[in-house]
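Notes follow once the structure below has been shown.
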Amino acid sequence: MAPLEGGPRLVLLFSGKRKSGKDFVTEALQSRLGGDVCAILRLSGPLKEQYAQEHGLNFQRLLDASAYKETYRRNMIVWGEEKRQADPGFFCRKVVEGVSQPVWLVSDTRRMSDIQWFREAYGAVTQTVRVVASEQSRQQRGWVFTPGVDDGESECGLDNFGDFDWVIENHGDPQRLEEQLENLIEFVRSRL
């Protein structure tokens, strides 16, 4: 179970396809709200760190958007699924350790089990945010369909979730994106 004492005022669980702009959106929110108010939590961080340790790989290189990470992505996904099957909250518990900011932006929520864990641990302060982008926009950002990755649970596990509290459209229209970010920021500030 997650720590309840001094817990967050708001937990936003971001999901979306590869190259939809999840990191871009969460970083934009953090830059406007401030690092003292809001923390970006990446579930893939503890996963990649553990995977790197167990397989003798460079953890820092697994964190960036490089060919190095892509080389190991498929095997890392399988390994992560095995860990989650044994303990669905393993990576969720790891990522919240020591976080003191009142607002948490979980930038890479990928599975129902992630949402369930945060809802059970933090209840009503948990909200879901889906970042969507057209295939064309994603391709312009470098996305290429990869079998075994883009059709796997890590990319499709929340496709039919349907009940997102927020949907951010990130199709490449900066003005539209800005309007949506402002609405979300206003909501976040109302929870502080």
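The values are calculated or read from the model by the stated rules, or taken from the named source; none is laboratory data. The structure presented is a predicted model; accordingly, all values stated were derived computationally and were not measured. Here Cβ is always computed from backbone atoms with ideal geometry, including for glycine, and neighbour counts include all displayed protein chains. Areas reflect the complete protein model, heavy atoms only, side chains present, ligands, DNA and RNA absent. Shrake-Rupley method; radii C 1.70, N 1.55, O 1.52, S 1.80 Å.
Values as computed for the structure displayed
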{"item": "Some residue of the range 172-182 being within 21 Å of Gly7 (Cα to Cα) and outside any loop (DSSP other than H, G, I, E, B)", "result": "no"}
{"item": "Hey, Ser31 farther than 16 Å from Val125 by Cβ, surrounded by fewer than 16 Cβ atoms within 10 Å (Cβ to Cβ) and small (Gly, Ala, Ser) or not", "result": "yes"}
{"item": "Subset of the range 69-79 [at pLDDT 90 or above and not β-branched (Val, Ile, Thr)]", "result": "Tyr72, Asn75, Met76, Trp79"}
{"item": "Yes/no for Asp159 being among the charged types (D, E, K, R) and over 14 Å from the mean Cα position of the chain (by Cα)", "result": "yes"}
{"item": "Selection status of Arg138, open to solvent by less than 50 Å² (accessible area, probe 1.4 Å), within 30 Å of Asp173 (Cβ to Cβ), of a type in the set (D, E, K, R) and out of contact with any strand residue (DSSP E or B) (no Cβ under 8 Å at 6 or more places or on another chain)", "result": "yes"}
{"item": "Qualifying residue in the range 1-10 (condition: assigned to a helix (DSSP H, G or I) and crowded, with 18+ Cβ neighbours inside 10 Å)", "result": "no"}
